[in-house]
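Take a look at the structure set out below.
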Amino acid sequence: MSLPQVVSRDEWLVARKELLAKEKELTRQRDALSAARRRLPMVKVDKDYVFEGPDGKAGLLDLFDGRRQLIVGHFMFDPSWDDGCPSCTAGAEEMSNGLLAHLHTRDTSFTYVSRAPLAKIDSYKQRKGWTFPWYSSYGSDFNYDFNVTLDSSVAPVVYNYRTAAEHEQAGTSGYVEGDQPIEGPGRSAFLRDGDTVFHTYSVYARGLETIGGSYYVLDETALGRQEEWEEPKGRATDARGAVPDFSS
């Protein structure tokens, strides 16, 4: 097992300050990126999506729960499955009441949406002991329109803003391979102006790892995420694949 070099405290401090300069630069770059994200144009949502939740039928506007903004977590749960996606489950397990409360203080709601029928969602949610909002989009176009259910018989296959051909060229075809329909993870943000709803942002793939934060906490350790792709090699005696389900 490869471990970090052992040095004196003074030598460590020199190296740490060098890294701090890079961390500060990344923080400034992240702030600039967030500003660019806020400057994105937005798209009016004209389609009347119908969801099913604890109080019956609901439209997209209802999911805001009276707040100005809405974040939707696209939880992978095919209607034929009895359980939700393990990786989405790992992320949802870190969705605390405190995080939701903090979002609420900034006039922002968060809810999960899945294509599975509400009965399956409620059963899984109860087994997990979760209390966050979770709606079913079963029978609607919502998942297809936001590119988290991929079915070429319904719409052209696009995931993370790449077509199947572009994924093939980029070496990321795993996202779009397999029997359709394919469920994919994602997160979308919406803004309400009166009763008019606008789509402002969607993120997919590794962009989703910011919620929950386990990966980012592990990034601060010497052994890191302990996954096969990481550098330097040899830090983990049993390196995992890059599958974010935290089953091992």
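Brief remarks on what is shown
- Per residue accessible area of region 1-65, 1.4 Å probe, in Å²: 85
- The angle between the Cα long axis of helix 9-38 and the main principal axis of the chain comes to about 20°, on a 0 to 90 degree scale.
- Each Lys or Arg adds one and each Asp or Glu subtracts one; over the other residues with Cβ under 12 Å from the Cβ of residue 62, this totals -2.
- Within the assembled protein chains, the solvent-accessible surface assigned to residue 167 is about 0 Å², based on a 1.4 Å probe.
- Once the Cα-Cα distance is subtracted from the 0.36 nm per residue extended length, the residue 57 to residue 209 segment shows a gain of 51.7 nm.
- Charges were assigned to the Cβ only: +1 to each Lys and Arg, -1 to each Asp and Glu. The resulting dipole of region 133-248 about its Cα centre is roughly 240 debye.
- Per atom type, region 1-159 shows carbon and sulfur on 53% of its accessible surface, probed at 1.4 Å.
- Computed as a quarter of the hull surface, the mean projected area of the alpha carbon convex hull for region 105-165 stands at 6.0 nm².
- Residue 31 accessible area, 1.4 Å probe, all protein chains in place, Å² to nearest 10: 90
- Alpha-carbon geometry of the chain: the Rg and the Dmax are 20.3, 64 Å, given in that order.
- If only the Cβ of Lys and Arg carry +1 and only the Cβ of Asp and Glu carry -1, the dipole of the chain around its Cα centre is close to 900 debye.
- Total formal charge among the other residues, if their Cβ is under 15 angstrom from that of residue 193, Lys/Arg +1 and Asp/Glu -1: +1
- Range in the chain, longest, excluding exposed trypsin sites (Lys or Arg not before Pro) [loop by DSSP; at most 15 other beta-carbon atoms within 10 Å]: 107-232
- The GluC sites (Glu not before Pro) of region 14-95 that meet both conditions, a loop assignment by DSSP and at most 14 other Cβ atoms within 10 Å of the site Cβ, are 93, 94.
- The mean accessible area for residues of region 72-212, using a 1.4 Å probe and ignoring ligands and nucleic acids, is 47 Å² per residue.
- Most mobile of 65, 219, 141 in a GNM of the chain (Cα contacts under 10 Å): 219
- Chymotrypsin sites (Phe, Trp or Tyr not before Pro) restricted to DSSP loop in region 197-248 with at most 13 other C-beta within 10 Å: 229
- Using distinct alpha-carbon pairs, which all enter the 1/r mean, Kirkwood radius of region 1-110 in Å: 19.0
- P(r), alpha carbons of region 46-167 - 5 Å bins starting at zero, rounded %: 2, 11, 19, 22, 21, 15, 7, 3, 0
- For region 163-224, the set of GluC sites (Glu not before Pro) satisfying both a DSSP loop assignment and a count of at most 16 other C-beta atoms within 10 Å is given as 177, 220.
The values are calculated or read from the model by the stated rules, or taken from the named source; none is laboratory data. Remember, predicted model here, so these are calculated numbers, not experimental data. Every residue, glycine as well, gets a Cβ built from its backbone with ideal geometry; the counts of neighbours run over all protein chains shown. Just so you know, the surface numbers come from the protein's heavy atoms only, side chains and all, with ligands and any DNA or RNA stripped out. Shrake-Rupley method; radii C 1.70, N 1.55, O 1.52, S 1.80 Å.
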